[in-house]
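Okay, so here's the structure we're looking at.
Computed from the coordinates by the stated procedures, all read-outs in this text should not be read as laboratory data. Values in this document were obtained by computation on a predicted structure and should not be read as measured data. Positions of Cβ are backbone-derived with ideal geometry, glycine not excepted, and every protein chain shown enters the neighbour counts.
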Amino acid sequence: MTNPTDRGLSRAERQAMPIALDVAVEIAKHNGVCIRPVVLRRLDTHTGTTEDVNVPCGTTMEAKCPPCAKRNRYLRMAQCREGWHLEAEPSTTPDEPTEEQRWLVEFRADMQAQRDAAEQAGDDTTDLDAVLTGLDDEINAAGIRGTLLGRTAAKRNRSTRRRQDAPDLPKRVRQNTTLGRTFTGSDGATYRPSLFVTLTLPSYGRIRAGQGVPVDPATYDYPRAARDALHFSKLVDRFVQNLRRVAGYDVQYFSSVEPQKRLAPHLHMAVRGTMPRAEIKAIAAATYHQVWWPSVDEVRFEGEHLPVWTERSERAEPYPDGQDGDYLDPATGELLPTWHEALNRLDADEEAEPLHVVRFGPQVDVQGVLSGTPDADQCIRYLSKYLTKSLGDTLDTDNPAQRQHAARMVEALRYEPCSPACPNWLRYGVQPKNAKAGMAPGRCRGKAHKPEHLGYAGRRVLVSRKWSNKTLAEHKRDRRTWVMEALGLADQPTDPHRYVWKPVPAGDDNIPSLALRLLRMVAERQRWRATLLALEDRAVGQDLSAMREAA
Ligand SMILES: [Zn+2]
Ligand SMILES: [Zn+2]
């Protein structure tokens, strides 16, 4: 049979070959090749030539397709392993953006312009949106603060009464280090113990053992479960703040948010250094997060009676940023308070209570782990176990009780505001932040409401800045550099301005079919693997399997 990736064939010949897409996808999956590559046109400013490049969807932090998800998981494991028992202080990150960071930001600006142009022209922006999301993640991972993108909003001054006081916890004198203590054994060996902590949300009602479904769905506290999931990431932030305050050093962590069988998020955290178990438990028990959002106790608009959008409202003050109209009550003509007005009212109300207070449950697991032990490896595998799945994916769809449990959770999330910009605020008589035409309660498109996320729309992996002192992108590049060196090849030149990237317009005739692109990528991957296998034969005692996985 003729090899369809043979470059000797003419375009016409290649296209005449029948390649079923599903076959190509299977082959790609089997070879660990991205099945949803995005095509970008790359102009080489040094040579003036252009080339279309298949960029794996998982070039970014949040892997989309199964092969990319798997590859990212390997990278995450390497990242976790590298930082946990670090022996030397990581060097401090410079404040000036690096060349790479600058390049990322410029590239993003380019892509945004392309996306906006495509939207104006009425084209499909799905692919470009995916690229942008990926770039945002990469930019965040490269350690750039929101200011560079102009996203940081001014902090509100909340009255001191509402300020969330640090819980009553012991405080150690702060040492300027990120490393944990070491201990010397009777044999003179040095031990570097670290912690593996698991934090869980409280009970919402009794659960059927092994099944993860409520014994009595009627009394299971779905509203609380929904709100806890929505605000879980802020609770984790508080926990880290308190942990650092008590520990007396700049505690570093690598954590992952994973689903429990009962469909609540929980947290696994590798912590560098050690502390008494009782102290970790005390910190978890004392940690809470208050959600100071307007009340949702009273449903003011539902069914046919919904707020109406107007662009010609008589308002005394100028529109808030990002808003050029108002929602009003169609019965009375009264303008609903904007998000900022609602927050101001809340601040002025002495009697107001937070919308929600989220805390951990009493189940806190703390395990001491020594570097380089099988225990440590086990924990690292555990930390990355579910990274290829979203929260709702762990659902056993063959089990009707589980399906119903998930459906009730989605229902509980339906009218729950997921963010200040959530259209659900209209139900409670408040205009969402950046309100615009076409919003309706129950129709928020935010991730948190979706069955695959079940309330938790935050990042799945949370890594502190001085963990391994490398971003995921740097870990990726490490591996690439290693492979290139092993092959005796020089790595790519690093001139960040060498290439100009442009998305390829949909329907461009020069783009081969997805099936062909996948098969080409497979052929390339196989060449790499063959070379690495040959190297492995020569490199006695070296296990390159991990490299092969990540190459
Ligand atoms: Zn992919
Ligand atoms: Zn929402």
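Which peptide among 40-51, 228-239, 199-210 comes first, and what is the full order, when sorted by highest mean count of other Cβ atoms within 10 Å?
228-239, 199-210, 40-51
Pull out the extension gain between residue 347 and residue 186, defined as 0.36 nm times the separation in residues minus the alpha carbon to alpha carbon distance; nm, one decimal.
Roughly 52.0 nm would be gained on extension.
Between residue 382 and residue 20, how many nm apart are label points set 7 Å from Cα along the C-beta direction?
4.3
Taking 31 Å as the cut-off for C-alpha to C-alpha distance, list the pairs among 447/502; 29/436; 261/436; 29/502; 234/385 that go past it.
Table pairs above 31 Å Cα-Cα are 29/436; 261/436.
How much length, in nm to one decimal, is gained on full extension between residue 295 and residue 234, taken as 0.36 nm per residue of separation minus their Cα-Cα distance?
Extra length from residue 295 to residue 234 when fully extended: 20.1 nm.
Measure off 7 Å from each Cα along the Cα-to-Cβ vector at residue 209 and residue 168, then give the distance between these two points in nanometres to one decimal.
3.8
Taking every alpha carbon pair in the range 367-447, what does the distance histogram look like in 5 angstrom bins from 0, in percent?
3, 12, 15, 11, 11, 12, 11, 10, 7, 5, 3, 0
In nm, what is the difference between 0.36 nm times the number of residues separating residue 82 and residue 436 and their Cα-Cα distance?
Going from the current span to full extension adds 122.8 nm.
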